[in-house]
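Reading through the structure tokens given below for one structure.
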Amino acid sequence: MQLIEKLSILADAAKYDASCASSGAPKRSSEGKTGLGSTDGMGICHSYTPDGRCVSLLKVLLTNFCLYDCQYCVNRRSSDVPRARFSPEEVVTLTLDFYRRNCVSGLFLSSGIIRSSDYTMEQLVRVAKLLREEHDFRGYIHLKTIPDADPALIAEAGRYADRLSVNIELPTEASLQTLAPEKKIGSIKQAMQTIYTGEQTVRNEPRAPRFAPAGQSTQLIVGADDTDDSTIACITRRSAPSPTARKACPWPRRR
């Protein structure tokens, strides 16, 4: 498969991930034409750097092959969609090419689960490591963290990425067991805690190595079950690794 074909499939497959915040930049298309420099199409998203600057990112999946069969995911194992896979080197090439053409200022990279959580996380980290160490890339990098991955791999990701994210997936553990039984709430929280611990280490020890300076973000699916809004708000807050955030919302009463 040609690189442009892979990009078409894997950029489109990444559009469902909302954990990369949009800047709300206005559309400037006319008569269906995107024009030079347009950031409305697939593959380009907007996010914010730690100092508040809005940047355009190449937003792609490493692959949309996946071992899991989550019912809400278009890239689930049983889904009949075109599949593709980048090598880490191909993602690096694309990122640098887009950057040199002044189309993007960085990369947002996620992935389906292939072989294992550790193997997938290793591939994501390799992309960031190649960009930083071999190509001296100083642009913005957002990596999606894979739950169940070794905490050491998540810690390594934080040394190269500006921001990490972990999907909460669904509001309740019961919903997760029903719609995505291969995923566990414990591993999701553990991944979030690993990132939080890395952030706190840097704050408490100025000489500690840099770690995800833009912090972490998350997303969850609303409407896949009958959980009400107040429960979603409380459970989302209680899922936060910060003790202050957890205490701010009591455990919701049953409806």
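Here, each number is a calculation from the coordinates, and none is a lab measurement. As the structure is a prediction and not an experimental result, all values here were calculated from the model. We place every Cβ from the backbone using ideal geometry, glycine too, and count neighbours over all the protein chains shown.
Of Thr201, Thr145, the sequence from fewest to most neighbouring Cβ atoms within 10 angstrom is Thr201, Thr145.
Ordering Leu62, Leu109, Leu94 by the number of other Cβ atoms within 10 Å of each residue's own Cβ, fewest first, gives Leu94, Leu62, Leu109. Annotation: the residues Arg83, Arg100, sorted from fewest to most other C-beta atoms within 10 Å of their own C-beta, follow the order Arg100, Arg83.
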